[in-house]
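Read through the structure below, which is laid out as structure tokens, and then see the notes.
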Amino acid sequence: MKLAILNNRNYKQNNLKKIWYLANLPQMYALFNFNIIKFLKNFKFGEKIFYKLMKLRFLFKQKPIIPFLSFFITTRCTLRCKHCNTFIPYYRNKFHQKNYTLEMFKKDLDILLDAVDYINIFQFIGGEPLLNKDLPEMIEYACTKSKINNIFLTTNATILPSSKLIKVLKYNRISVQVSDYRNTKYKNIFYKELQEIFAKENIKCNFFQESIGSSNWSSNQEIYWKDTDIQTLKKRYNNCFNANCISICDGKWIQCIAGLFMFRNLKLEKGVSDEVIDIRTCNNLTEKLIEFYAKDYSKFCNYCHFENRVFNLPCGEQLEQNDTSNIIPLALYKDTPQTLVAVERERERERERERVIAPNCLIKLKYRYRRAS
Ligand SMILES: C[S@@+](CC[C@H](N)C(=O)[O-])C[C@H]1O[C@@H](n2cnc3c(N)ncnc32)[C@H](O)[C@@H]1O
Ligand code: SF4
Ligand code: SF4
């Protein structure tokens, strides 16, 4: 465990600071159960004491604490938000999409929990998590795990919860985050209905419009590979709110929600897939995760370019039906043919041409064969 001790500064930066920060966000604070942070917050040196205690805990347990983990139980969605920060509308086909089964979910969660000390926030996310019919059982299963402190479910309010789901949402460790898409033209937004149901059923929840306003979106970063020097990567990573928003999908542990999109949809530059940990096959997962948190940048950050980012956008602007962009909001990328996105699009066209050409070739060959015989 030498490595982790040597990199203690980064471990603190990536894990412990994030835990303290999240627990102190006003909209989050009310959602947490009683924990040590709530207690320590009352003292002048509470934060420092917290870091010291966690460091001791690490030396004793030799396993990492996971501050925040987004578990993608589906990459399908009912909406098509143009600036979706998980890029869901730009997943191109079924191969790139994923819907977890209950069995797989249980297996992956068990593997993961075995390798870590505890998970501070476990988030069910997607796509729209309520599209996964096994969601109630998944939540129920997660609730049996003492190594998960808080469980978040984030929904777009387009699907009303079943009575089975309502029952499990009442469990103590869970809170529901409801995004506000009432501005969209989508007809079934049950924001008000959910407010009523959750109040009646005494379910912990956070309605985003009330807590952070409805014009708080930002456009996505441009995504294309550019060799970047380490100092810039470190800076980008340090300033990125997505850093260490770990995404788990299909048994793969990936740096962040943007990295997940890249991993599932783009042909990656050499070396980047080394950043992805396959929790199902990795035989020294604890060490790998400690190494992961001791890093101070990710190679995925070579893909992210935030320069043209726009802020204060209304939540959930939808892609038009006739918008044919199939990877990333294209307005920003059209004129950069060197980008991977463009390369990928060209490859797709090539594959399409091959699909069209292939049957013709076969017919011709058959014809020649017949004439020869
Ligand atoms: C990607 S969504 C997935 C869960 C669910 N489909 C939903 O929209 O609530 C997770 C959270 O990210 C927020 N989000 C998505 N794109 C965003 C953006 N460009 N800027 C700010 N927040 C964004 C959503 O509002 C939601 O609260
Ligand atoms: S942000 Fe929009 S498109 Fe993305 S997952 Fe949520 S509802 Fe779906
Ligand atoms: S890859 Fe790096 S810069 Fe891009 S969103 Fe993830 S953490 Fe941020």
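The values are calculated or read from the model by the stated rules, or taken from the named source; none is laboratory data. Since the model is a prediction, treat every value here as computed from it, not as a measurement. Every residue, glycine as well, gets a Cβ built from its backbone with ideal geometry; the counts of neighbours run over all protein chains shown.
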Just to check your reading of the model, which residue among Ile148, Ile121, Ile88, Ile139 is aliphatic (A, V, I, L, M) and within 16 Å of ligand 2 (Cβ to nearest atom)? Ile88
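Can you find a residue that is surrounded by fewer than 18 Cβ atoms within 10 Å (Cβ to Cβ), modelled with pLDDT of 90 or more and of a type outside the set (A, V, I, L, M) anywhere in segment 61-68?
Within segment 61-68, the first condition is being surrounded by fewer than 18 Cβ atoms within 10 Å (Cβ to Cβ), and the residues that meet it are 61-62.
Filter once more, keeping what is modelled with pLDDT of 90 or more: 61-62.
Now narrow it down to the ones that are of a type outside the set (A, V, I, L, M): 61-62.
Checked segment 61-68: at least one residue is surrounded by fewer than 18 Cβ atoms within 10 Å (Cβ to Cβ), modelled with pLDDT of 90 or more and of a type outside the set (A, V, I, L, M).
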Which numbered condition Ile223 misses (of (1) within 15 Å of ligand 2 (Cβ to nearest atom); (2) buried (at least 18 other Cβ atoms within 10 Å of the Cβ)): (1)
Out of segment 115-164, which residues are within 10 Å of ligand 1 (Cβ to nearest atom), closer than 27 Å to Lys63 by Cβ and among the β-branched types (Val, Ile, Thr)? Ile125, Thr154
Based on this model, can you work out whether Thr184 counts as assigned by TED's automatic domain parsing to the domain that holds Phe122, touching a Gly at 6+ places or on another chain (Cβ under 6 Å) and among the polar types (S, T, N, Q)? yes
Suppose we filter Phe71, Phe32, Phe43, Phe95 for residues that are aromatic (Phe, Trp, Tyr), within 24 Å of Gly259 (Cα to Cα) and either part of a loop (DSSP other than H, G, I, E, B) or at pLDDT below 80 (or both); which single one remains? Phe95
From the options Lys48, Lys55, residue that is of a type outside the set (A, V, I, L, M, F, W, C), in a helix (DSSP H, G or I) and modelled with pLDDT of 90 or more: Lys48
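Does Gly251 fit the bill of being away from ligand 2 (no atom under 16 Å from the Cβ) and more than 14 Å from the chain's Cα centre (by Cα)?
No; evaluated as a whole, the condition is false for this residue.
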Cβ-Cβ below 9 Å, separation at least six or inter-chain, first residue in segment 174-191 and free of Cβ contacts under 8 Å to residues at least 40 places away in the same chain, second basic (Lys, Arg) and more than 16 Å from ligand 3 (Cβ to nearest atom): which pairs? Ile174/Lys204; Val176/Lys204; Arg182/Lys192; Ile189/Arg182; Tyr191/Arg182
Of the conditions (1) more than 25 Å from Pro129 (Cα to Cα); (2) at pLDDT 90 or above; (3) surrounded by fewer than 18 Cβ atoms within 10 Å (Cβ to Cβ), Lys270 satisfies every one except a single condition; which number is it? (2)
For Leu313, work out the one condition from (1) more than 16 Å from ligand 2 (Cβ to nearest atom); (2) more than 18 Å from the chain's Cα centre (by Cα); (3) not small (Gly, Ala, Ser) it doesn't fulfil. (1)
